[in-house]
1. Over the chain, with a Gaussian network built from C-alpha contacts below 10 Å, which listed residue (A13, A82, A61) shows the highest mean-square fluctuation?
2. With all protein chains present, how much of the accessible area of the stretch 3-156 (probe radius 1.4 Å) comes from carbon and sulfur, to the nearest whole percent?
3. Assigning unit charges at the beta carbon (Lys, Arg +1; Asp, Glu -1) and nothing else, what dipole magnitude in debye, to the nearest 20, does the stretch 15-54 show about its Cα centre?
4. Ignoring GluC sites (Glu not before Pro) that are buried or in helix or strand per DSSP, and keeping those with at most 14 other beta carbon atoms within 10 Å, what is the longest stretch of the chain between them?
5. Taking only Cα atoms, what is the 0 to 90° angle, nearest 10, from helix 139-153's long axis to the longest principal axis of the chain?
6. How large is ³J(HN,Hα), in whole Hz, for each residue of the stretch 21-26 in order, when computed from phi with the Karplus curve 6.51 cos²θ - 1.76 cosθ + 1.60 and θ = phi - 60°, using x for Gly and Pro?
7. In the chain, with Lys and Arg counted as +1 and Asp and Glu as -1 at Cβ, which of these residues, I80, I126, A13, has the Cα nearest the positive end of the dipole, that is, farthest along it?
8. Just to confirm, what accessible area per residue do you get for the chain at 1.4 Å probe, in whole Å²?
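The values are calculated or read from the model by the stated rules, or taken from the named source; none is laboratory data. Only a predicted model underlies this, so the values are computations on that prediction, with no experimental measurement involved. As a convention, Cβ positions derive from the backbone with ideal geometry for all residues, glycine included, and neighbour counts pool all protein chains shown. Remember, those area values only see protein heavy atoms, side chains included, never the ligands or the DNA or RNA. Shrake-Rupley method; radii C 1.70, N 1.55, O 1.52, S 1.80 Å.
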Amino acid sequence: MSWFDPSLPIGLASDHAGFALKEKVKEHLVESGYQVLDFGTESTERVDYPDFGAACATAVAERRCSAGVVICGTGIGMSIVANKVRGIRAALCNSVTEARLARQHNDANVLAMGGRIVGETVALDILDTWLTTDYEGGRHQRRLDKIAALEEKQGR
Ligand code: RB5
């Protein structure tokens, strides 16, 4: 059993700088038997990452997608945008270790990566680790509850 609902698609989004890696991620997910919902972009023509990242993160928060993968040049802009959406815990991961801990400790429901930072092989290893690692709960839940309380307080 996986930590996300496999009956829902995994949302994908990128800007121009993340487009090539998004396409590789999509291919890999489809080949692995996952459903995907691609929020764009559709080419390397210059666009603004908030437009695409917000659409994907909102779909995850509204349970139209089970989880999300967002990619820009560094992954930084996409992670900032995704984390503005209530209920989203986006983790920018450049390594398999970060991907594992983002799931075990942070229950990260969105994975952000940098298309100009990680190569394809590392990115797909990060992706597979994030998809297959369970949240540990326990002492970490108290911390996630505090993040949720902060969102509540801010009316987000
Ligand atoms: C686009 O040039 C670049 O700024 C964007 O992809 C991203 O890295 C921002 O965080």
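1. A61
2. Of the solvent-accessible surface of the stretch 3-156, carbon and sulfur hold 51 percent.
3. In total the dipole reaches around 120 debye.
4. Excluding the exposed sites themselves, the longest stretch runs over 63-135.
5. Its long axis makes an angle of about 80 degrees.
6. 5, 4, 5, 5, 4, 4
7. The listed residue farthest towards the positive side: I80.
8. 50
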